[in-house]
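K.L.:
I have a structure here, written as structure tokens, and I will follow up with some questions on it.
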Amino acid sequence: MRTVLFLCTGNYYRSRYAEACFNHAATRRGLAWRAFSRGLAVHLAPAPGLSPHASRRLRVRRIPRRHTAANPAPATAADLRRAARIVVLKESEHRPLLARLHPGWEDRVEYWEIDDLDRAPPEATLAAIEARVAALLAELAARPRRRARTGPPGPASARSAGEIPGPR
């Protein structure tokens, strides 16, 4: 199983929502990928648990909470090393933190431009995360599946990545 790490500031809102959306959709598609999320400054999270905005949107989208961790967690060097892909939610906000806390990693990650609550309403932010996660899943689904080294490589998966489930 390969992993995607979603990073943001407090691991309370954006990264946790991305993790839940990714894991829900990857599981439904049978992809050999899972996500986890961490924060670069979890002490700034307003409370334990999950943002009420993200929690509400998960309920609307019928994405079970089990697809994200129970509480915020800080990013460690081991987390960065174990991830096959690292997505940082906002470059201008997180690059300096990443460079200070984990020097050298700031140029080895993918940056998305997902605004926090101070710059965008939750509906816009969470919809942007859903769109980016859907695109990432489509990209990963289009890659050939890994095979055992003893046999020849197989064809690329024809499975469609689809969309994040909508409200019903």
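Values in this text are rule-based calculations from the coordinates and carry no lab data. Note that the coordinates shown come from a computational prediction; the quantities given were computed from them, not determined experimentally. A quick note on method: Cβ atoms are made from the backbone with ideal geometry, for glycine too, and the neighbour counts reach across all protein chains shown.
K.L.:
With Kirkwood's inverse mean 1/r over C-alpha pairs for Rh, give me the Rg to Rh ratio of the chain, two decimals please.
P.N.:
Result for the chain is an Rg/Rh of 0.98.
K.L.:
Also, I was wondering about something else. Label points 7 Å out from Cα along the Cβ direction at Asp107 and Ala77: separation in nm?
P.N.:
1.9
K.L.:
Hey, what do the phi angles of the stretch 84-94 turn into as Karplus ³J(HN,Hα) couplings, whole Hz, using 6.51/-1.76/1.60 and θ = phi - 60°, x for Gly and Pro?
P.N.:
Rounded to whole hertz, the list is 6, 8, 10, 10, 9, 6, 8, 4, 5, 7, 9.
K.L.:
If you don't mind, another one. Where does the chain land at 222 nm, in deg cm²/dmol rounded to the nearest 500, when only DSSP H runs of n ≥ 4 count, each adding -39500 (n - 2.57), divided by all residues?
P.N.:
Helix contribution divided over all residues of the chain: -12000 deg cm²/dmol.
K.L.:
Could you work out the pair-distance distribution P(r) of the stretch 1-75 from its alpha-carbon pairs, with 5 angstrom bin width and percents rounded to whole numbers?
P.N.:
Calculated over all Cα pairs of the stretch 1-75, the distribution is 3, 19, 29, 24, 16, 7, 2, 0 percent.
K.L.:
Among the DSSP beta bridges whose two residues both lie in the chain, what percent are antiparallel, rounded to the nearest 5?
P.N.:
DSSP beta bridges in the chain are roughly 10 percent antiparallel.
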